[in-house]
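The values are calculated or read from the model by the stated rules, or taken from the named source; none is laboratory data. If you're wondering where the values come from, they're calculated on a predicted model, not measured in any experiment. Here Cβ is always computed from backbone atoms with ideal geometry, including for glycine, and neighbour counts include all displayed protein chains. The area values use the complete protein model at the heavy-atom level, side chains included, leaving out ligands, DNA and RNA. Shrake-Rupley method; radii C 1.70, N 1.55, O 1.52, S 1.80 Å.
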Amino acid sequence: MSTPKLSPRRETFLSFQPPAVGEEEIEAVAETIRSGWLTTGPRTAELEERFAEYVGAGHAVALSSGTAALHLSLLALGVGPGDEVVTTPITWPATANVIVHAGATPVFVDVRDDDLNIDPERAREAVTERTKAIMPVDLAGQPADLDPLLELGVPVIEDAAHAAESVYRGRKVGSIAAATCFSLYATKNVSAGEGGIVTTDSDDVADAIRDRRLMRRGHGSLYDLGVPGYKANLSDVLASIALVQLAKVDRHREIRERHVALYDAALADLDGITPLARDPRDLHALHLYVVRVDAERAGATRDEYQRALADENIGTSIHFLPVHRLSWYRERYPDVSLPVAERAGDEVLSLPLSPAHADADVEDAIAALRRVHERFA
Ligand SMILES: Cc1ncc(COP(=O)(O)O)c(C=O)c1O
């Protein structure tokens, strides 16, 4: 009797999220370099104009990173020492780090079990007279539930690093919060390699960020300084990549939708492997395909699944470990207990998702996941 034939192991490693760039980006960079303008200049201005138009905001300010976007948004809204900022632990640590950089105190509240976005009810309970901002994250591309957060009467600084295309209840992400912060990091849906953008309808917020990203010369030959700012501007070389990426966003979305549909169909019968919820009232950016591995039903832990998939040549990632459990925060906030986030931190696993993948790559990832699941479950 022959043993059942297993799906073939991939010969080459499938990267979790390779950048989706090609000849158009290369040509755009070459053109910018030929123009002689390497630092912030006309390409950055064009990106700001196009991005503001894309999200329907009064202003878009381009910066060196999503982290800088979050940091300068806090400063622009006057957040400083003695203030508290309510945020989610299920995020890249940058979201919390910038609160510390601003001299304020991060107040972590628990997330909702279905989409792992900040729980508005927990946020409401955490607001005090010292709360100067709320920083939700649109995890994986699912917008946070913004309406109940906006009702709290505290400025919302939205971390939309994953949410370039997202729409919340008919309103484009980027046009809703006091400041919305996008990342142009290499893996993001609109990428420059590195970079960030803040969108806002407030002239004051936009001006305060511009004043802090790079010293602005006044009129005439003398220069002056209103505020000691940072060096957080975006170069035209990178802006030219982001401009091409922005123009491709719909084309890339079609690929993401196809790959997500393949995963959704395959996962329906894998016990203990469940994707995060996507709210049908919203447009999800499909930036990440995050599943939760329930060790009891799936027969092994997330870490065991991740290792087994790596053995199958399938790259995965983790979004995210709860920030309050990372050493620096744990030492300073040892009493913070957020059971939903902590359990999720043990279970989340992000499967390969990128417009640079072929359908066959996603099928390989699915076949490997099936094989691993058969072995464990
Ligand atoms: C949720 C979230 N917030 C903020 C950032 C920071 O963005 P950047 O890497 O552009 O500084 C990232 C990741 O890159 C992120 O995933």
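Suppose each label sits 7 Å from its Cα in the direction of the beta carbon; what would the residue 346-residue 295 distance come out to in nanometres?
For residue 346 paired with residue 295, the spin-label model returns 0.5 nm.
With an 8 Å cut-off on Cα pairs and a minimum separation of 6 or more residues, tell me the relative contact order of the chain in percent.
For the chain, the relative contact order is 23 percent.
Tally the DSSP beta bridges in the chain and give the antiparallel ones as a percent, rounded to 5.
About 60 percent, rounded to the nearest 5.
Taking a probe of 1.4 Å, how large is the accessible area per residue of the chain, in Å²?
With the other protein chains kept in place, the chain gives 44 Å² per residue.
List the residues of region 335-359 whose backbone N lies under 19 Å from a point placed 7 Å from the Cα of residue 310 along the Cα-to-Cβ direction.
345-353
Between residue 27 and residue 254, what is the FRET efficiency for a Förster distance of 25 Å, r being their Cβ-Cβ separation, to the nearest 0.05?
My answer for the efficiency is 0.65.
Calculate one ³J(HN,Hα) per residue across region 329-339 by plugging θ = phi - 60° into the Karplus curve 6.51 cos²θ - 1.76 cosθ + 1.60, and present them in order as whole Hz with x for glycine and proline.
Couplings: 6, 4, 5, 8, 10, x, 8, 6, 10, 10, x Hz.
In deg cm²/dmol, rounded to 500, what helix-only [θ] at 222 nm does the chain give when every DSSP H run of at least 4 residues adds -39500 (n - 2.57) and the total is split over its residues?
-11500 deg cm²/dmol, from helical runs alone.
How many angstrom lie between the Cα centre of region 244-259 and the Cα centre of region 304-377?
About 24 Å separates the Cα centre of region 244-259 from the one of region 304-377.
Using Cα atoms only, what is the angle between the long axis of helix 66-76 and the major principal axis of the chain, expressed in degrees (0 to 90) to the nearest 10?
For 66-76 against the chain, the angle is about 40 degrees.
What percentage of the solvent-accessible surface of the chain, computed with a 1.4 Å probe over protein heavy atoms, is contributed by carbon and sulfur atoms?
Answer for the chain: carbon and sulfur cover 52 percent of the accessible area.
Residue 131's amide H: which non-local residues (gap 5+, or another chain) put their own amide H closer than 5 Å, with H modeled 1.01 Å from N in plane and none for Pro or chain starts?
Those lying under 5 Å, H to H, from residue 131 are 84.
Please report the spacing between the Cα centers of region 43-65 and region 122-171 in Å, no decimals.
Taking the Cα centre of each part, region 43-65 and region 122-171 sit 21 Å apart.
Would you please put 125-138, 271-284 in order of how densely packed they are, using the mean number of other Cβ atoms within 10 angstrom per residue and starting with the highest?
125-138, 271-284
Can you figure out the FRET efficiency of residue 303 with residue 222, using R₀ = 45 Å and their beta-carbon distance, to the nearest 0.05?
0.15
Ranked highest first by the average count of other Cβ atoms within 10 Å around their residues, in what order do 249-261, 195-207 fall?
Peptide ranking by packing, descending: 195-207, 249-261.
Over region 249-376, what is the mean sequence separation of C-alpha contacts under 8 Å (at least six apart), divided by residue count, expressed as relative contact order in percent?
33 percent
Within the chain, how many Lys pairs that are eight or more residues apart, or on different chains, come under 27 Å at the alpha-carbon?
6
For residue 354, what is the net charge nearby, where nearby means another residue's Cβ is under 9 Å from its Cβ and Lys, Arg count +1, Asp, Glu -1?
With Lys, Arg at +1 and Asp, Glu at -1, the neighbours total 0.
Expressed in nm to one decimal, what extension gain is obtained for the pair residue 113 and residue 128 from 0.36 nm per residue of sequence separation less their Cα-Cα distance?
Gain on stretching residue 113 to residue 128: 2.9 nm.
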